[in-house]
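Working notes, structure below.
Bear in mind these aren't lab numbers, they're just calculated from the coordinates by the rules spelled out. Given the structure is predicted, the values throughout are model-derived calculations rather than measurements. FYI the Cβ positions are ideal-geometry reconstructions off the backbone, even for glycines, and counts take in every protein chain you see.
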Amino acid sequence: MQICTIGLLLILTFTFNLFGQSKVVGHYWNHFFSEIQLNADSTFEYNWHLDLHGSWTKGTWRSRGDTIYFHVVPIYDTLSIIKNNGMSADSIILSKYSNPRRITPQQLTEVTLQSIEQNRIVLSEKMVFKENKLYEIKDGRLVTEKRIVIKRGSESDPWYFKSEEQH
């Protein structure tokens, strides 16, 4: 009887976590040129773009209560180099693209000129989901004070809005 009770408790806990997680799934944006896509398969993509500069990050996420935890999974390219002795050698470098590739030193030079980089703007390790918004946590506290938007010079709310809400 005790094993059945434990099993039922585990199933209910698992179902509750899935239900809670499904409320969080979606696309979020903020007034500071950032977007987060939380997918149902527990993966995420974070993007930040301002003029010709940008940053992106991919990884996995999980929720515990109202807190969302992010785990960044870096993506690497394989850099193929031909040494002076004619032998080839491979090295891995942080990719500028969201899919890993094999590149040459010449392609690396071309890629280096771009202003979009992986993990250039760091995503918070955890956020709080509250009222269909994502709040960053800084020094153990929710970030709720308005901040100045660079391009507009006016203050805006710092949290991420779910896309169903009006911009």
Taking 0.36 nm per residue of separation between Glu110 and Val25 and subtracting their Cα-Cα distance, the length gained on full extension comes to 27.0 nm
Checking region 64-146 for GluC sites (Glu not before Pro) in a loop per DSSP with at most 13 other beta-carbon atoms within 10 Å yields Glu125, Glu131, Glu145
Note on region 23-167: contact order normalised by length, alpha-carbon pairs under 8 Å, 6 or more apart, percent, works out to 23 percent
The pairs in Lys23/Lys96; Lys58/Lys133; Lys58/Lys146; Lys58/Lys162; Lys96/Lys138 lying past 24 Å Cα-Cα in this model are Lys23/Lys96; Lys58/Lys146; Lys96/Lys138
Computed for region 60-112: size of charge dipole around the Cα centre, +1 on C-beta of each Lys and Arg, -1 on C-beta of each Asp and Glu, debye to nearest 20, value 100 debye
